[in-house]
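Heads up: the structure comes next, in structure tokens.
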């Protein structure tokens with residue numbers, strides 16, 4: 001089992017899963033291969049960490065965006081992010097609403113996941129009570145896929 005210094009491995013896994021770039025795709029292999037955690041513990045910690053920012057983001061993304069758009073740099077960033085999210089989510093989220101978020105979040109590919117799912121829910125005006133369960137279900141499915149791929153049970157391109 002590898003040590004990271006002062007931080008417990010469980011906290012590191014949760015933090016990596018909560019970050020927008022790594023999410024589950026980084027946290028589960030880290031837990032399994034670096035820290036030697038069991039598949040179940042890896043899955044539970046990574047899913048919990050990945051879901052941690054979702055309610056906060058769903059509830060406050062609009063307020064944060066409105067405040068930050070006053071600054072040119074952030075205005076450009078949000079324009080780029082939302083344009084990219086519209087392209088990536090395609091017609092699925094627009095056509096199927098919250099149900100379209102599930103497969104989008106569940107497929108553990110680059111630029112998919114909980115963070116992009118939140119952005120898509122925000123862009124398409126999906127209410128929290130529909131968006132959160134859909135994103136959570138997608139994260140649960142993605143966690144199973146990433147865990148199985150990390151264990152070599154599934155052969156997933158890019159993993």
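Axis angle, to the nearest 10 degrees, between helix 128-150 and the longest C-alpha principal axis of the chain: 30 degrees. Debye-formula intensities of region 79-121, expressed as log10 I(q)/I(0) at q = 0.24 Å⁻¹, are -0.73 (one equal scatterer per alpha-carbon, no solvent).
When only Cα pairs below 8 angstrom with a gap of at least 6 residues are kept, region 9-50 shows a relative contact order of 50 percent. Per residue, the convex hull spanned by the Cα atoms of region 1-151 measures out at 107 cubic angstrom. Residues 37, 19, ranked from the fewest to the most other C-beta atoms within 10 Å, line up as 19, 37.
Once the Cα atoms are used to define both axes, helix 54-68 deviates from the longest principal axis of the chain by about 40 degrees.
Normalised by the number of residues in region 1-128, the average gap of Cα pairs under 8 Å and 6 or more apart makes the relative contact order 22 percent.
With the convex hull of its Cα atoms as the shape, region 65-153 has an orientation-averaged projected area of 6.2 nm².
Just checking the listed ones, 47, 34, 111: in the Gaussian network model of the chain with Cα springs under 10 Å, the one fluctuating most is 34. This ranking places 43, 35, 67, 96 by how few other beta-carbon atoms lie within 10 Å of each, fewest first, which gives 67, 96, 35, 43. Under the simplified labelling scheme, the residue 153-residue 87 pair shows an inter-label distance of 3.6 nm, with each label point 7 Å from Cα along Cα→Cβ. Note on region 9-50: Kirkwood radius taken over Cα pairs, Stokes-Einstein applied at 4 °C and 1.567 mPa s, translational D equal to 141 µm² s⁻¹. Over the chain, dividing the summed -39,500 (n - 2.57) contributions of all DSSP H runs of at least 4 residues by the number of residues returns a 222 nm mean residue ellipticity of -22500 deg cm²/dmol.
Each reported figure results from applying straightforward, stated rules to the coordinates on display, with no laboratory input. Source: prediction; values computed, not measured. Counting neighbours? That spans all protein chains shown, and the Cβs are built from the backbone with ideal geometry, glycine included.
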